[in-house]
Amino acid sequence: MYVFVTGGTGTVGSAVVSELLAHSHGVLGLARSEVSAAALEAAGAEVLEGSTADLDILRAGAARADGVISLAFNHHLPGPDGLAAAIAEESAALAALGEELVGSHRPIVTVSGTPQVPGRASTEADPLPLDGPVAGRSRSVNALLARAGEGVRASAVRLPRTVHNQGRGGFAGLLAEHGRRSGVVGYPGDGTQRWPAVHARDAAVLFRLALESAPAGTAWHAVADEGDAVAALAAVIGRRLGLPVAAVPTETFGPFGPIFALDQPSTSAHTRRTLGWEPTHQSLLEDLEHLEP
Ligand SMILES: NC(=O)c1ccc[n+]([C@@H]2O[C@H](COP(=O)([O-])OP(=O)(O)OC[C@H]3O[C@@H](n4cnc5c(N)ncnc54)[C@H](OP(=O)(O)O)[C@@H]3O)[C@@H](O)[C@H]2O)c1
């Protein structure tokens, strides 16, 4: 397939581009800067210059492709309204991409997070949260999946809290960054709360499988580790960085604090059984051994 990919230079997207190219697909990657364009070309992709704010460019990219993988998200928009603006931009982008594919039965795969369910591991059948600061992202994904009724083979890969590569990325990466800044690897709560994780290269395989074969309107879990206790993650990070490890107040992590404090294991049993996905790369606890002081 010739696949239009947005976000193809990110932690997840760069692994997805490599995975597609290694499996005889072609890639047209959206690039909003010369640096991103150069990275995509070096990986072996063709480049479409533009931003996710350029809806006509997105439509043109989708029109040229046999399928779409939408991963771009502007995590670094500044200001108090930065997150809301990024969510609005992503929402408009997904709507435009979906609209372009109506009636074509071509696939589009997008991304969301694994849900949190009190007392048990969340499954693919659990709904995405429709409250909280990122509820708008859930609504955009649900709207895209609803395009199944309009002849679009839309699916979503739900990522766990930490997508890692070389010890970096996700929530565990934020713990390490915070530790480097403050001199203490802190964690909120009592540290028994569990966070799920996946290696970026394993997640990339699931994006490819969903592109190739997921039925319209379906959601999948890219979960390799169902849940590591946060204190265990902090212990490895502290040892690798040569820093002390301690429980700290939830507020230490600002808006992330309440989310960090939640027990949020997740399972991918249905995904593994149905799509034949089997993670093969390092677990998060193993990958954190790559961290250097
Ligand atoms: N990593 C995780 O643990 C995790 C967990 C759950 C969900 N997710 C979601 O998975 C997706 C990929 O995550 P990631 O960790 O790979 O993100 P990332 O490393 O921050 O990469 C973001 C990607 O989006 C591109 N991008 C951002 N704004 C853009 C714009 N306005 N126009 C065009 N491209 C734009 C970036 O391009 P540049 O190279 O130009 O910056 C980059 O390729 C995101 O939607 C993220 O929210 C990630």
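The values are calculated or read from the model by the stated rules, or taken from the named source; none is laboratory data. The model shown is predicted, which means the values in this text are computed figures rather than measured ones. Note that we place each Cβ from the backbone using ideal geometry, even for glycine, and neighbour counts take in every protein chain shown.
For the range 114-138, enumerate the residues that are over 23 Å from residue 204 (Cβ atoms) and part of a helix (DSSP H, G or I).
As a first pass, look at the range 114-138 and keep what is over 23 Å from residue 204 (Cβ atoms): 116-120, 125-127, 129-133, 135-136.
Result: 135, 136.
Determine which single condition residue 21 fails, assuming it passes every other condition in (1) under 26 Å from residue 212 (Cα atoms); (2) crowded, with 16+ Cβ neighbours inside 10 Å.
With (1) under 26 Å from residue 212 (Cα atoms); (2) crowded, with 16+ Cβ neighbours inside 10 Å applied to residue 21, the lone miss is (2).
Since residue 11 meets every condition but one in (1) at pLDDT 95 or above; (2) near the ligand (Cβ under 10 Å from one of its atoms); (3) among the polar types (S, T, N, Q); (4) under 22 Å from residue 198 (Cβ atoms), which condition does it not meet?
Of the numbered conditions (1) at pLDDT 95 or above; (2) near the ligand (Cβ under 10 Å from one of its atoms); (3) among the polar types (S, T, N, Q); (4) under 22 Å from residue 198 (Cβ atoms), the odd one out for residue 11 is (1).
Restricting to the range 139-185, name every residue that is under 25 Å from residue 105 (Cβ atoms) and either part of a helix (DSSP H, G or I) or of a type in the set (Asp, Glu) (or both). Let's see the steps before the verdict.
Here is the first cut: in the range 139-185, the ones under 25 Å from residue 105 (Cβ atoms) are 139-158.
Scanning the range 139-185 gives 139, 140, 141, 142, 143, 144, 145, 146, 147, 148, 149, 150.
Quick check on the range 151-191: of everything there that is within 16 Å of the ligand (Cβ to nearest atom) and charged (D, E, K, R), which residue is surrounded by the fewest Cβ atoms within 10 Å (Cβ to Cβ)? Reasoning before the result, please.
Step one: list which residues in the range 151-191 are within 16 Å of the ligand (Cβ to nearest atom), which gives 154-178.
Next, only the ones that are charged (D, E, K, R) stay: 158, 161, 168, 177.
On the way: 158: 24, 161: 26, 168: 18, 177: 12.
Among those that are within 16 Å of the ligand (Cβ to nearest atom) and charged (D, E, K, R), it is 177.
For a quick check of your reading of the model, give me the residue pairs whose first member lies in the range 159-181 and is closer than 13 Å to residue 236 by Cα and of a type outside the set (A, V, I, L, M), whose second is more than 8 Å from the ligand (Cβ to nearest atom) and part of a loop (DSSP other than H, G, I, E, B), with beta-carbon atoms closer than 7 Å and at least 6 apart or on different chains.
167/291; 179/243
Output the number of the condition that residue 37 fails; it satisfies all remaining conditions of (1) free of Cβ contacts under 8 Å to residues at least 40 places away in the same chain; (2) away from the ligand (no atom under 12 Å from the Cβ).
All conditions are met except number (2).
Quick one: is residue 243 assigned to a loop (DSSP other than H, G, I, E, B) and either more than 16 Å from the ligand (Cβ to nearest atom) or at pLDDT 95 or above (or both)? Break it down into steps so the answer makes sense when it comes.
On the way: assigned to a loop (DSSP other than H, G, I, E, B): yes; either more than 16 Å from the ligand (Cβ to nearest atom) or at pLDDT 95 or above (or both): yes.
When the stated conditions are applied, residue 243 passes them.
For the range 70-101, how many residues meet the condition of being touching a helix residue (DSSP H, G or I) at 6+ places or on another chain (Cβ under 8 Å), of a type in the set (Asp, Glu) and more than 10 Å from the ligand (Cβ to nearest atom)?
Of the residues in that region, 2 qualify.
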